[in-house]
Amino acid sequence: MSTDTVETPAAPAKRSPFQRSGFWIVALLIVAAIAVAGFLYWQHSRQFESTDDAFVDAHVVRLAPEVAGSLIQVADVDNKHVRRGELLALIKPSGPEAQLAESQAGVAQAQAQLETARAQVTAAEAARAQAVANARAPLAEAERAAQDLARYQELQRIDAAAVAGQQLDAARAAARQTAASAAAAQSVIRNAGAQVEVAARNVRAAQAQIEARQAQVRQANVTVGNLRLEAPVDGHVFNRSVDLGSYVAPGTALMSIVPDHIWVTANFKETQLTHIRPGQPVDIKVDAFPGVNFKGRVDSIQRAAGQAQSILPAQNATGNFVKVVQRVPVRIEFDLRNGPDPRRFPIGPGMSVVPTVKVR
């Protein structure tokens, strides 16, 4: 009996994934998705310019006295907000107040001298008026005597026997006497006029003296006012370095004030400035408050790179030149209308921020 051999059919060969059409379809879809995502990300990112080389900035006011003395009052305002004009420190008064009182007394004395000079003007004018009145009679007599003498002389010229010699001599004597009296009266008038001019000059001198004394009073008031150290701006006080009883000299740093007006100074690379313009909106992230989205606007762009402000600028003419992308400061103001008010947060100069400018 013969046995038949049964042959087992061979298993079909496995196909490579690369030979499957579905693999290539999925791969193409993934590549297309990545390309679309990359394009969209590029389209979005090209609308913004950002930098982490940025910080809060302000014009810090440093308070210093202009006169020397001991502090008899110092306000407890460390890290507190103060208003403009608020008293922060008071220097012990001594010489300045005495000088002010002396200057004020000098003004009163000069005013009294002015009143005396004005009274002298009035008296001199009255004396001149009296002299003019007293001179009317002698002048009239001199004129009448001169006319009589001229008439007698005319008659004598016509007829020598018409006028006696005694009458002509008497007329000549009367003319000379009345002319002398008139000249004396006119001299009195001139002297009275000179006295009026002298009195007027005294008035002008007294007025000048008053102005000089008033200038001394103003200077003394300035000196006394310098004893009061008041806040020149609204802001927060920091770095107070004096206490009650401290002796201070002119220029001694007492304390500093951060004004309420602060801004952001962002140092962008020069290659980032192509599309940055004043007025563009800015999103500001402060490192201390990552959850708060502050708003701002580009205020201005400095017309010089940071290298131009260095004390020892690089000497590129030596031949060892390596091109380095420079940083340019851009000032960004906070937008209080469209974002949170930074004055409500403890934000001050030097704190790090990340501004993002929308350039397109």
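Other residues within the sphere of radius under 12 Å centred on the Cβ of residue 299, judged by their own Cβ, net out at 0 (K and R +1, D and E -1).
Ordering 240, 176 by accessible area with a probe of 1.4 Å, largest first, what comes out? Walk me through the numbers before you get to the answer.
Working: 240 65, 176 155 Å².
Reading off the accessible areas and sorting them downward yields 176, 240.
Report the one residue of 238, 251, 279 whose Cα lies farthest in the direction of the positive end of the charge dipole of segment 231-301 (charges on C-beta: Lys and Arg +1, Asp and Glu -1; origin at the Cα centre). It is 279, whose Cα lies furthest towards the positive end.
Percent of accessible area on segment 228-310 owned by carbon and sulfur, 1.4 Å probe? Please list the in-between numbers first.
Values: 2210 of 4260 Å².
Carbon and sulfur together cover 52 percent of it.
In this simple spin-label model, placing a label point 7 Å from the Cα along the Cα-to-Cβ direction at both residue 177 and residue 72 gives a separation of 8.1 nm.
The values are calculated or read from the model by the stated rules, or taken from the named source; none is laboratory data. What you see is a predicted model; the values in this text were computed from it and never measured. With ideal geometry, Cβ positions are generated from the backbone for all residues, glycine too; neighbour counts draw on all protein chains shown. For accessibility, only protein heavy atoms count, side chains too; no ligands or nucleic acids. Shrake-Rupley method; radii C 1.70, N 1.55, O 1.52, S 1.80 Å.
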